[in-house]
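The structure under discussion appears below in the form of structure tokens.
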Amino acid sequence: MTIVKLAFLLALLFHPTLLPAAAQTASLPVKVQIFENSKPGAEFELSSSEPVEEYAEAAFGFIRFPTKYSANALPLDRSTPFVIRASSKRAFPAGEYEFQLRAKGAARFLLDGEILLTTKPQERNTSGNDPVPPPVERNDSPIRPAPYPHQEVIATVKLDGQEHSFSLTAVIGGKGLVPSPGELSVSMGRRDEIPRLLGDPDSPLLTDEAWESYAQQQIERQRQEDVVRRRTLSAEVVALWDEYHQQVRARVSREPAPAVPKVSAQTPVFNGIDRFIGARLEQVGVRPTPLSSDLDFFRRLSLDTIGVVPSPEEIQAFLSDPADQRRPRAIERLLAHTGWADHWVSYWQDALAENPGILKPDLNNSGPFRWWLHQSFTDNIPFDRLVAELVQMEGSISLGAPAAFKLATLNDSPMAAKADILSQAFLGEKLSCARCRVTFI
């Protein structure tokens, strides 16, 4: 496999993907389908449409949806808009119940195939001068209020104690709209009771505390499932990079190795690199600094890898290892620590001129680009692949992919700036002069 063929294959990797739901969601009661590229004006007519993805949720409450990935594990945008359909069956004790639908945009809630509740399409902002949204009114109620611009509709229904089918269809996003569900939900309960999200009997109540806990669980579960999905998707690409790396190592192994210099017995040597450093220090007449203590080493290691000093418990665990194994074991533990990706994102944001902005989000800002950096470090992709994906700048701008790198230095010759940024970050050379044209007569 040549590098040319590898690059060609990488260029062909961007297409929609469909993966089965993760095994841990199989027992969840609410089945969800995602539809894309629906005919404008006919988004609710899904009888002849095939879902691009299916998964399951714990209840009729939606904060986010599974990320759509390319075969190169880069986040992709779904169609604008896309449609979700959630369905479930359940029996309730006979009696009168209130069903409540909350949605930002157009949605329909059906009971046994009959429309019970509907909301209207979301209105777009007309300009940056639109009025500031009004604050949420709580009215001393324990029920979580619907945030702006959500609509809320309620209907009262008498149930007979038999099993019934429930279905929610919602249009997500649209031209000029963020493709997010917000706090899309269906809840139900008897009059004068705090409603619960429609789902299992122990579904969360519609209170601030219960909703926020439910939302965090959904976000965390889907993030974990996204990791499994994208690593499964990118297995072939990873194999191509591994093959390329093996070819590079084989080629390098055929080159003559540099002669390892000899050093005096007084120069400390702990590995092969120390011999080169020690020889240079001897040449200029500089004595190496003494080896740091174990605790000094551990503190520096923790700061360099995860950006925080070690806790007392971590220090105790470090000291409990055999003296000759403390340092290598600590290195392995901290490199496997989830915090190392968090810490190094900030460094590479600076190195790649990624400057998140709040007041002027379109000026010198690439926002979600940092999510792709974090994903790359979490998935431990090699740096040559990271650079290749930076150069290609593909995937979703808004959902976090190297495409968002386009937005960095948006106000200053964008593509020329990218070459300058990449050459400085990875080659230690600036190409600023190449961005100017000089004519000699």
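Any read-out appearing in this document is the output of simple, stated calculations on the displayed coordinates, not a laboratory observation. As the structure is a computational prediction, the values presented were derived from the model and not from experiment. Cβ placement follows ideal geometry from the backbone for every residue including glycine, while neighbour counts extend to all protein chains displayed.
Give me P(r) over the chain, computed from all C-alpha to C-alpha distances, binned every 20 Å, as integer percentages. Distribution as computed: 19, 44, 28, 9, 1 percent. Here the peptides 333-345, 155-167 are ranked by packing, the mean other Cβ count within 10 Å, and the order with the highest first is 333-345, 155-167. Dipole orientation for the chain: of the candidates Ser423, Val132, Ala94, Ser423 has the Cα lying most toward the positive pole (charges on Cβ; Lys, Arg +1; Asp, Glu -1). In degrees, nearest 10, range 0 to 90: what is the angle between the Cα axis of helix 369-378 and the longest Cα principal axis of the chain? In the chain, helix 369-378 runs at an angle near 70 degrees to the longest axis. Per-residue ellipticity at 222 nm computed for the chain from its helices equals -10500 deg cm²/dmol, with DSSP H segments shorter than 4 residues left out and the rest contributing -39,500 (n - 2.57). Dipole magnitude for the chain: computed about the Cα centre from +1 point charges on Lys and Arg Cβ and -1 point charges on Asp and Glu Cβ, it is near 1440 debye. In percent, rounded to a whole number, the relative contact order of the chain is 14, using alpha-carbon pairs under 8 Å and six or more apart. The GluC sites (Glu not before Pro) of segment 107-141 meeting both criteria, a DSSP state outside H, G, I, E and B (loop) and at most 15 other C-beta atoms within 10 angstrom of the site's C-beta, are Glu123, Glu137.
Ordered by the count of other Cβ atoms within 10 Å of each Cβ, fewest first, Ser398, Ser48 give Ser48, Ser398.
In summary, the lysines within cross-link reach of Lys430, defined as a Cα separation below 17 angstrom excluding same-chain residues under 8 places away, comprise Lys418.
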